[in-house]
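Structure first, then comments.
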Amino acid sequence: MRLDKFICKSTALTKAQAIAHIEEGDIKVNGNVISDISAQVHENNEVIFLGKQLFPRPFRYLLMNKPAQTICSNIDEVYPSLFNYIDIERPQELHIVGRLDADTTGLVLITDDGRWSFNITSPNKLCPKVYRVHLRKSIDISAKILFAKGIKLQGEPQLTAPAILTIVDDKQVLLTITEGKFHQVKRMFASIGNKVVGLHRESIGCVTLDVDEGQWRYLTVDEINDLNP
Ligand code: URA
């Protein structure tokens, strides 16, 4: 991790204060004064700030049940940020793992561990995300095969990765995808002439939503590890 980030993660300093201390020569890494804010430090390096060794706080991993008309952003925009529902210290250090649209509800993961979130959102990692989808028109069974083969979305160079469609009733389905293209689920149904009128994410990998709307909890150690095998 970058030295300025390490200082922020192990003290109560703001980024600007951390940078000022680094540039003033107040930080030693493995015995040497380091004044480059972008120097890389590892967790087991000895980082000393004004004579005291620093230890970064452990990463945090949360799940939340996102209400409709909230946004997956750290700040309020047209709609309030879902961080308004999370009473937690230093929320600005956290980020949302794969955004949901304002009108989409359900499972959102939140962390300050960038590598962990990359492994969940990267299409190469094939982490399945399950959405419950309510449709305007009845679903045609042929969609199962089309989605399994992959479909061409407007403006995308490649077909969508194979997706699993499970029909619940004529206007309700479960869709499992491993990617997270912009508005992907809505665009997939639009491409077969249907329209999503309700969208709710039920699970990501092994983690299934089990808190009420607007509520959150920390992930268990098993959930954290299972999501990043
Ligand atoms: N696909 C969408 O279209 N919207 C979401 O919020 C998530 C997936």
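Values quoted throughout were computed directly from the atomic coordinates according to the rules given, and no laboratory measurement underlies them. The shown structure was predicted, so the numbers you read here are calculated from the model rather than taken from an experiment. Every residue, glycine among them, receives a Cβ derived from its backbone with ideal geometry; neighbour counts consider all protein chains shown.
A few notes on this one:
- The rule of thumb for compact globular proteins, 2.2 N^0.38 Å, goes into the C-alpha radius of gyration of the chain 1.23 times.
- Long-range HN-HN contacts of C72 with modeled amide H, under 5 Å: L100
- DSSP loop chymotrypsin sites (Phe, Trp or Tyr not before Pro) with at most 15 other Cβ within 10 Å: longest gap in the chain: 60-181
- Of the trypsin sites (Lys or Arg not before Pro) found in segment 165-210, those in coil by DSSP whose Cβ has at most 14 other Cβ atoms within 10 Å are K195.
- Debye, to nearest 20: dipole size of segment 128-204, +1 on Lys, Arg Cβ, -1 on Asp, Glu Cβ: 180
- Where the Cα pairs of segment 88-191 fall when distances are cut into 10 Å bins, in %: 13, 43, 31, 11, 2
- In segment 85-182, the GluC sites (Glu not before Pro) that fall in loop regions by DSSP, at most 10 other Cβ within 10 Å: E89
- Whole-Hz Karplus values for segment 52-66 come out as 10, 6, 9, 10, x, 5, x, 5, 10, 9, 10, 10, 9, 9, 6 Hz, taken residue by residue from phi with 6.51 cos²θ - 1.76 cosθ + 1.60 and θ = phi - 60°; glycine and proline positions read x.
- Note on the chain: GNM, Cα springs under 10 Å; of L146, L126, L50, the largest mean-square fluctuation is that of L50.
- Rounded if a/c under 1.5, otherwise prolate or oblate - segment 188-229, Cα gyration tensor axes: oblate
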